[in-house]
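Presented below is the structure to which this report refers.
The values are calculated or read from the model by the stated rules, or taken from the named source; none is laboratory data. Since the structure is predicted, the reported quantities are computational estimates derived from the model, not experimental observations. Quick reminder, even Gly has a Cβ in these numbers, built from the backbone with ideal geometry, and neighbours come from all protein chains shown.
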Amino acid sequence: VEASIPEQLRATWRRLAASEFKEKEEFQKAVVRHVETTLARSMYNCDDAAAYAGTALALRDNLVIGWNKTQQNQTFQDPKRVYYLSLEFLMGRALDNAMLNTQVKDVAREGVSELGFRIEDIIDQEHDAALGNGGLGRLAACFLDGLATLNYPGWGYGLRYRYGIFKQEIIDGYQVEVPDYWLDFNPWEFPRHDVVVDIMFYGYVKKDTDENGRTINLWEGGEVVQAIAYDVPVPGYETRTTNNLRLWSSKPASGEFDFQKFNSGDYEGSIRDQQRAETISAVLYPNDNIDAGKELRLKQQYFWVAASLHDIIRRFKKSHRPWQEFPDQVAIQLNDTHPTLAIVELQRILVDVEHLAWDDAWGLVVRTFGYTNHTVLPEALEKWSVPLVQHLLPRHLQIIYDINLFFLQSVERKFPQDREMLSRVSIIEESQPQVLRMAYLAIIGSHKVNGVAELHSDLIKATIFKDFVDIYGPDKFTNVTNGITPRRWLHQANPKLSDLIASKIGGYDFLKNLSLLEGLRDFVDDKEFRREWNEIKLSNKIKLAKYIRDTTSISVNPHSLFDIQVKRIHEYKRQQMNIFGVIHRYLTLKDMTPAERKKQVPRASIFGGKAAPGYWMAKTVIRLINAVGEVVNKDRDIGDLLKVIFIEDYNVSKAELIVPASDISEHISTAGTEASGTSNMKFVLNGGLIIGTMDGANIEITREIGEENIFLLGNLAEDVEELRHRHRYGQVEMDPKLRRVCDEIEKGTFGDPTIYGSLMSALTTGCDYYLVSDDFSSYLATQDLVDEAFRDKDEWATKCINSVASMGFFSADRCINEYADMIWNIEPLNPLASSNVL
Ligand code: NBY
């Protein structure tokens with residue numbers, strides 16, 4: 001407040017206020033000014049990279065104006081806000097999205113063209129913001145887009161990793177990890193050197209008495225690092241609302257380096273502390289769906305959670321409301337258990353610092369938090385070692401013990417006869433060493449717990465959280481099926497399809513109200529419309545084929561069936577089943593006479609995805625896919641009939657190229673293992689069909705688009721347990737077709753078979769935990785149906801169009817509105833409401 005300009009001078013400010021460009025020439029002026037002044041370049045020295053920088057900076061000026069106004073408006077109106085705490089925000093590129101959301105792309109295209117550039121080349125210069133692993137991180141990014149588009153006052157809080165997810169290179173068929181230097185030039189972040197929070201680790205707890213003679217606990221004597229805020233604007237589509245994503249970066253608390261050491265000649269020693277502090281936000285852990293339990297990861301979690309809560313509380317305190325109103329002003333959503341310490345940190349602040357009574361504080365905490373679960377896989381459920389937490393966060397451990405004690409007392413009152421219940425639901429698992437079950441803590445400290453698709457939400461209630469349903473009743477648990485933003489995943493990724501749809505159903509309103517896609521049904525029978533539809537798909541396939549040719553020198557016939565599986569490599573997602581199917585197809589083609597081969601539907605099997613660096617089995621799958629490609633792609637008997645491609649370094653911007661080019665995409669996880677999946681939604685929205693199991697959101701996609709429009713295969717979740725049991729007792733013969741595939745691998749057709757030893761033994765001695773053998777014949781039979789269906793181009797287009805027409809439900813906007821109503825209890829804020837500041 002003391003930094004604000006006195007009232008009598010504000011008229012001058014208002015007269016001089018920066019304004020947004022709308023016309024081409026204003027935009028061009030801004031680009032040239034940034035190239036010439038901000039970058040100190042000129043027309044004699046302006047390559048695509050400089051043109052990107054100039055364009056991004058010009059656009060950024062516009063964004064910042066709307067962003068400042070949104071934030072001022074939110075400050076003045078002071079509505080209840082939601083804070084989305086996520087260790088991952090997989091944002092991808094910002095420029096194209098910002099141009100489209102603020103409706104200036106056409107102006108920009110013309111503008112840069114007159115300056116000698118193609119907008120597509122400029123867009124391509126941008127480095128992805130890859131602060132995430134996969135679905136969980138991308139979901140957070142889609143949610144930010146939905147929140148802003150719907151005018152909800154909502155911020156994201158995350159970590160500003162210096163290195164995002166590694167860049168994947170394929171060398172001799174193997175994945176090689178290369179660091180991701182994404183911050184070299186990032187015009188989309190604003191360092192807030194004035195927003196700094198001290199964060200403490202280690203130390204001890206001292207008991208003391210306050211002025212009223214009550215015992216208080218003081219956490220002190222620890223090591224301090226500083227969190228500095230970096231803000232990223234998040235523009236909504238066709239609204240002035242531009243929300244904020246605040247990312248924390250770590251730095252040493254005590255100056256840049258140790259002068260004493262520096263002066264005494266210990267140059268290395270002088271920067272050691274600095275590096276130690278900066279290590280906290282240095283790298284994103286590259287695991288998806290696996291808990292590594294590393295101390296640095298726990299430090300990241302506390303650092304980020306403590307800085308974010310401090311910031312949220314500072315904002316709450318500005319309006320001088322009593323603590324009782326905290327949950328009426330603040331909703332905090334926990335994206336998985338990674339931010340669960342926020343529950344403990346808020347309780348600590350309320351009790352130790354603000355001196356609220358325990359029960360009053362706890363009531364506020366529970367009303368504030370919601371927890372989203374993204375997995376049932378036991379290896380992905382976070383558990384922190386008690387000695388580690390004791391060492392790093394001694395006071396938090398005490399608070400967790402108390403939370404657990406009061407919780408267990410209440411359970412005991414409710415179930416006095418059930419002694420085993422207490423050890424089952426205790427936050428502390430009595431292992432060696434003891435560990436904290438973070439999911440249990442998240443449930444106990446939240447008022448709502450949700451899964452991310454219907455089946456998944458049912459499964460968590462029936463399995464991993466069953467006792468908690470008995471304790472709290474079923475209403476604490478709910479489902480919010482995931483969604484995706486149609487702005488990025490249709491309009492931006494597939495502009496031609498978006499334009500065609502708009503030309504038919506009366507403009508682009510469907511981008512804000514995705515159910516309007518229903519209007520497409522009126523045109524399914526229109527032959528000319530189907531022709532245009534197919535032409536767009538073909539042009540998207542040509543574009544991908546060109547990319548594949550440019551990057552791998554493999555040529556793919558764009559008329560072949562593009563069969564795509566792109567996602568993190570994981571056994572439960574079963575890329576191995578896909579590549580075994582490809583080998584089977586290859587062997588079948590080899591068995592045929594040339595005349596028989598001529599009758600087959602040509603297919604390109606396209607894979608992409610990163611393996612966690614320590615995940616041996618996943619890396620072996622990548623190696624096998626590449627080895628199969630090596631053999632198949634140069635086999636003269638096969639030609640165009642089968643191509644096997646592994647696209648290097650799958651990320652958000654590559655997804656924007658790949659997703660619109662699919663005919664069929666694979667979502668073939670073992671039933672009950674994929675919580676939702678979100679790329680399944682992206683592919684269907686872009687006019688591709690799905691081959692998939694009855695898992696995650698595939699089930700609801702089927703319900704929406706109709707069984708006739710999806711290729712389902714495999715066993716059901718309810719049968720998985722029984723099937724695994726049979727494998728464990730050696731009661732399952734391997735499927736003969738799979739046997740033949742394995743024999744071929746073991747014969748050395750795809751190189752030294754010892755490379756694939758782990759993969760082979762997982763099917764046999766490893767009891768085939770993911771049930772590849774059980775689903776393989778169903779998978780192959782379903783792939784045959786895909787081939788048959790693809791022959792009838794008209795029928796295929798009809799399926800695709802009808803499916804797209806039914807995808808309204810999977811908008812991130814529907815999903816955000818459900819969270820807002822059921823969990824956050826927040827309302828949209830009119831971006832123009834506060835006329836005194838605008
Ligand atoms: O979240 C994914 C689910 O697998 C997918 O089914 C769902 O659609 C998506 C959005 O709800 N989960 C996911 O991507 N998880 C991770 O990336 C992840 C990352 C780190 C850790 C655990 C999971 N970790 O413990 O470090």
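List of remarks:
- Scanning segment 380-419 for residues that are in contact (Cβ under 8 Å) with a residue 24 or more places away in the chain and basic (Lys, Arg) yields Lys383, Arg395, Lys414.
- Applying the set (1) surrounded by fewer than 20 Cβ atoms within 10 Å (Cβ to Cβ); (2) in a helix (DSSP H, G or I) to His355 leaves exactly one unmet item: (2).
- Residue list for segment 353-373, restricted to those being within 16 Å of the ligand (Cβ to nearest atom) and of a type in the set (Gly, Ala, Ser): Gly370
- Only one entry in Leu780, Leu738 is crowded, with 18+ Cβ neighbours inside 10 Å and over 20 Å from Ile622 (Cα atoms), namely Leu780.
- Candidates in segment 58-73 are the residues that are of a type outside the set (S, T, N, Q) and in contact with a Leu (Cβ under 8 Å, 6 or more places away or on another chain); of these, the one that is nearest to Leu829 (Cα to Cα) is Lys69.
- The listed residue being buried (at least 19 other Cβ atoms within 10 Å of the Cβ) and either more than 16 Å from the ligand (Cβ to nearest atom) or without any contact (Cβ under 8 Å) to a residue 60 or more places away in the chain (or both), out of Asn244, Asn289: Asn244
- Taken together, Glu700, Glu704, Glu708 contain a single residue that is closer than 30 Å to Cys142 by Cβ and within 16 Å of the ligand (Cβ to nearest atom), which is Glu700.
Table: residues versus (1) under 23 Å from the mean Cα position of the chain (by Cα); (2) at pLDDT below 95; (3) among the charged types (D, E, K, R).
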position: Pro486; (1), (2), (3): yes, no, no
position: Leu490; (1), (2), (3): yes, no, no
position: Asn494; (1), (2), (3): yes, no, no
position: Asp499; (1), (2), (3): no, no, yes
position: Ala502; (1), (2), (3): no, no, no
position: Ile505; (1), (2), (3): no, no, no
position: Leu511; (1), (2), (3): yes, no, no
position: Leu516; (1), (2), (3): no, no, no
position: Phe523; (1), (2), (3): no, no, no
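- Taken as a whole, the condition of being free of Cβ contacts under 8 Å to residues at least 24 places away in the same chain and within 16 Å of the ligand (Cβ to nearest atom) does not apply to Leu334.
- Per-region count, segment 742-768, residues of a type outside the set (A, V, I, L, M) and surrounded by 15 or more Cβ atoms within 10 Å (Cβ to Cβ): 10
- Summed over segment 111-136, the residues that are more than 23 Å from Ala56 (Cα to Cα) and either surrounded by fewer than 20 Cβ atoms within 10 Å (Cβ to Cβ) or in contact with a Gly (Cβ under 9 Å, 6 or more places away or on another chain) (or both) give a count of 2.
- Flag if Leu350 is under 26 Å from Gln329 (Cβ atoms) and away from the ligand (no atom under 16 Å from the Cβ): yes
- The single condition among (1) part of a helix (DSSP H, G or I); (2) within 16 Å of the ligand (Cβ to nearest atom); (3) under 28 Å from Val411 (Cα atoms); (4) touching a residue at least 24 places away in the same chain (Cβ under 8 Å) that Asp467 does not satisfy is (2).
- Between Leu408, Leu388, the distinction of being among the hydrophobic types (A, V, I, L, M, F, W, C), modelled with pLDDT of 95 or more and away from the ligand (no atom under 16 Å from the Cβ) belongs to Leu408 only.
- Scanning segment 275-286 for residues that are away from the ligand (no atom under 12 Å from the Cβ) and in contact with a helix residue (DSSP H, G or I) (Cβ under 8 Å, 6 or more places away or on another chain) turns up Thr279, Ile280, Ser281.
- Count of segment 447-462 residues which are more than 11 Å from the ligand (Cβ to nearest atom), in a loop (DSSP other than H, G, I, E, B) and either under 19 Å from the mean Cα position of the chain (by Cα) or acidic (Asp, Glu) (or both): 0
- Among the residues here, Asp774 qualifies as closer than 20 Å to Met617 by Cα, surrounded by 19 or more Cβ atoms within 10 Å (Cβ to Cβ), touching a Leu at 6+ places or on another chain (Cβ under 8 Å) and among the acidic types (Asp, Glu).
- Tally of residues being more than 27 Å from Met91 (Cα to Cα) and not charged (D, E, K, R) across segment 449-477: 14
- Test result for Glu744, part of a helix (DSSP H, G or I) and under 28 Å from the mean Cα position of the chain (by Cα): no
- Residue count for segment 64-82, restricted to those that are surrounded by fewer than 23 Cβ atoms within 10 Å (Cβ to Cβ) and in contact with a helix residue (DSSP H, G or I) (Cβ under 6 Å, 6 or more places away or on another chain): 1.
- Only one of the listed residues (Asp328, Asp311) is crowded, with 19+ Cβ neighbours inside 10 Å, assigned to a helix (DSSP H, G or I) and more than 15 Å from the ligand (Cβ to nearest atom). That residue is Asp311.
- Long-range neighbours under 6 Å by Cβ, at least six apart or interchain, first residue within 30 Å of Gln333 (Cα to Cα) within segment 797-815, second at pLDDT 95 or above and charged (D, E, K, R): Ser806/Glu704; Phe809/Glu704
- Checking each residue in segment 102-147 for being away from the ligand (no atom under 16 Å from the Cβ), assigned to a loop (DSSP other than H, G, I, E, B) and not acidic (Asp, Glu) picks out Thr102, Gln103, Val104, Leu115, Gly116, Phe117, Arg118, Gln125, His127.
- Elements of type strands (runs of 3 or more DSSP E) contained in segment 154-216, each with 2 or more residues being under 26 Å from the mean Cα position of the chain (by Cα) and under 20 Å from Lys619 (Cβ atoms): 167-171, 174-178
- Matching residues in segment 677-692 - criterion: being within 14 Å of the ligand (Cβ to nearest atom), under 14 Å from Arg488 (Cα atoms) and assigned to a loop (DSSP other than H, G, I, E, B): Thr678
- Residue within segment 84-94 that is more than 16 Å from the ligand (Cβ to nearest atom) and at pLDDT 95 or above present: yes
- Pair list, Cβ < 8 Å and 6+ apart or interchain, from segment 115-133 residues that are within 26 Å of His570 (Cα to Cα) to residues that are away from the ligand (no atom under 16 Å from the Cβ) and among the hydroxyl-bearing types (Ser, Thr, Tyr): Asp128/Ser653
- Residue within segment 446-461 that is in contact (Cβ under 8 Å) with a residue 12 or more places away in the chain, more than 30 Å from Leu364 (Cα to Cα) and of a type in the set (A, V, I, L, M) present: yes
- Of all residues in segment 656-676 being within 14 Å of the ligand (Cβ to nearest atom) and not hydroxyl-bearing (Ser, Thr, Tyr), the one that is surrounded by the most Cβ atoms within 10 Å (Cβ to Cβ): Glu674
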